[in-house]
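For reference, the structure is listed below as structure tokens.
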Ligand SMILES: NC(=O)c1ccc[n+]([C@@H]2O[C@H](COP(=O)([O-])OP(=O)(O)OC[C@H]3O[C@@H](n4cnc5c(N)ncnc54)[C@H](O)[C@@H]3O)[C@@H](O)[C@H]2O)c1
Ligand SMILES: [Zn+2]
């Protein structure tokens, strides 16, 4: 078990990572000063697979906890589910001193976190993330929110959790495609901040994909630490935090052009990183050797659904709509070296558009 700290002064919190920590959740949370039972907001699938362990641990420390079950799937990250959570909170007679425990992947964390940010103008909450993506990414940093018909994550709030408990043991049951999807985000973390993490993934890839407990714990700790450090330096994405968007500018556009069905988020980010590597090579930001090495690692980490059937104009339009694009000024993250991401301003739209056409047309093969 490893404990990391997200340093945000009076709102600092711990991230506890390890195989089997779920069974110790009650004790861990008591030590964090929690005295009453939480209202649990849980994904239905995760509850079926791992609920007994968590509920038992919480019962030991706090007695029985009220439970709000939410249906499985990104399409339920909406205002209807949010209303259902508020309703469950009122039924449980929750008040300003109550707290929520979010149990599931990124969807559960985002919506339960947003409920916590807004119920009675904000109550405490704890994240118990159960996908690789949520353990290394969405549970840390305080971004919460829901999707609306106009787009994904367009309504939300910054609300930091009081603690994060990431049990790498639950990744045992995660579908393979979800594991790979999370792994691409881990690779992203290494690419922007830690060459040793990239070296580790390169060396231990078979162990990671076979869910070797030590290997999983290693990558979750390493990637979560990177996210925690970057968030601590720039909580509200004024500057440095933008490097976490490496692969996300083009990635988001590819994800949207695939109607959020063809690609998982991580797969789209993998394509986004490949595109950023290709375009970065054209701009001369990163050398051929390092570019080639990261391309090979991404390709080795998992099979990606093809992009050559996407319409480049469609991808381009989604790119221009991205809220992170920043008022017409095209900003993108590139690597100065492996392990060092940096934000570049003033990218020329026509040249990026031409590159994108070639990239998608050749299904990412730039040679
Ligand atoms: N807040 C942030 O900073 C942030 C960052 C990145 C992504 N996100 C959000 O996170 C969401 C994606 O998260 P996700 O990839 O975790 O998706 P998810 O929450 O939908 O989980 C993916 C699937 O895995 C299943 N699952 C979860 N844990 C499991 C386990 N241990 N065993 C078996 N099955 C399990 C779920 O039931 C679900 O079907 C998106 O909505 C995205 O917008 C938020
Ligand atoms: Zn992401």
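The values are calculated or read from the model by the stated rules, or taken from the named source; none is laboratory data. In this text, all values refer to a predicted model and were calculated from it rather than measured experimentally. Neighbour counts are summed over all protein chains in view; Cβ atoms, including those assigned to glycine, are modelled from backbone coordinates with ideal geometry.
Considering (1) surrounded by fewer than 20 Cβ atoms within 10 Å (Cβ to Cβ); (2) part of a helix (DSSP H, G or I); (3) in contact (Cβ under 8 Å) with a residue 24 or more places away in the chain, the lone condition that residue 313 does not fulfil carries the number (3).
Looking at the stretch 74-85, can you tell me whether even one residue there is part of a loop (DSSP other than H, G, I, E, B) and within 16 Å of ligand 2 (Cβ to nearest atom)? Yes, the stretch 74-85 has at least one match. For the stretch 116-139, the set of residues classified as touching a helix residue (DSSP H, G or I) at 6+ places or on another chain (Cβ under 6 Å) and closer than 19 Å to residue 19 by Cβ consists of 127, 129, 130, 131, 132, 133, 134, 135, 136, 139, listed by residue number.
If the condition is being over 11 Å from residue 39 (Cα atoms) and within 13 Å of ligand 1 (Cβ to nearest atom), then the stretch 90-109 contributes 104, 105, 106, 107, 108, 109.
A search for C-beta distances below 7 Å between a residue of the stretch 255-284 that is more than 22 Å from residue 186 (Cα to Cα) and any residue that is in a helix (DSSP H, G or I) and within 16 Å of ligand 1 (Cβ to nearest atom), counting only pairs 6+ apart in sequence or on different chains, returns 257/318. Per the conditions (1) within 13 Å of ligand 1 (Cβ to nearest atom); (2) outside any helix (DSSP H, G or I); (3) surrounded by 17 or more Cβ atoms within 10 Å (Cβ to Cβ), the sole criterion not satisfied by residue 255 is (2). State all residues of the stretch 334-348 that are within 22 Å of residue 320 (Cβ to Cβ) and surrounded by 13 or more Cβ atoms within 10 Å (Cβ to Cβ); if no residue qualifies, say none. Correct list: 334, 343, 344, 347.
Here residue 166 meets each of (1) in a helix (DSSP H, G or I); (2) more than 16 Å from ligand 2 (Cβ to nearest atom); (3) crowded, with 23+ Cβ neighbours inside 10 Å with one exception, condition (1).
For (1) farther than 30 Å from residue 266 by Cα; (2) near ligand 1 (Cβ under 10 Å from one of its atoms), each residue gets a yes or a no:
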position: 31; (1), (2): yes, no
position: 36; (1), (2): yes, no
position: 41; (1), (2): no, no
position: 47; (1), (2): no, yes
position: 61; (1), (2): yes, no
position: 79; (1), (2): no, no
position: 88; (1), (2): yes, no
position: 111; (1), (2): no, yes
position: 123; (1), (2): yes, no
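The residue list 277, 233 contains one member that is modelled with pLDDT under 95, away from ligand 1 (no atom under 12 Å from the Cβ) and in contact with a helix residue (DSSP H, G or I) (Cβ under 6 Å, 6 or more places away or on another chain), which is 233. From the list 244, 240, 286, the one residue that fits, being within 16 Å of ligand 1 (Cβ to nearest atom) and either surrounded by fewer than 23 Cβ atoms within 10 Å (Cβ to Cβ) or not assigned by TED's automatic domain parsing to the domain that holds residue 320 (or both), is 240. Does residue 145 satisfy the condition of being closer than 23 Å to residue 246 by Cα, in a helix (DSSP H, G or I) and modelled with pLDDT of 95 or more? So residue 145 does not fit the description; no. Within the stretch 145-161, is there a residue that is within 16 Å of ligand 2 (Cβ to nearest atom), buried (at least 24 other Cβ atoms within 10 Å of the Cβ) and under 14 Å from the mean Cα position of the chain (by Cα)? No, that holds for no residue. For the stretch 213-223, the condition holds for at least one residue, the condition being that it is in contact with a strand residue (DSSP E or B) (Cβ under 7 Å, 6 or more places away or on another chain) and either closer than 18 Å to residue 107 by Cα or within 14 Å of ligand 1 (Cβ to nearest atom) (or both). If you check 58, 49 for being out of contact with any strand residue (DSSP E or B) (no Cβ under 7 Å at 6 or more places or on another chain) and touching a residue at least 60 places away in the same chain (Cβ under 8 Å), only one passes: 49.
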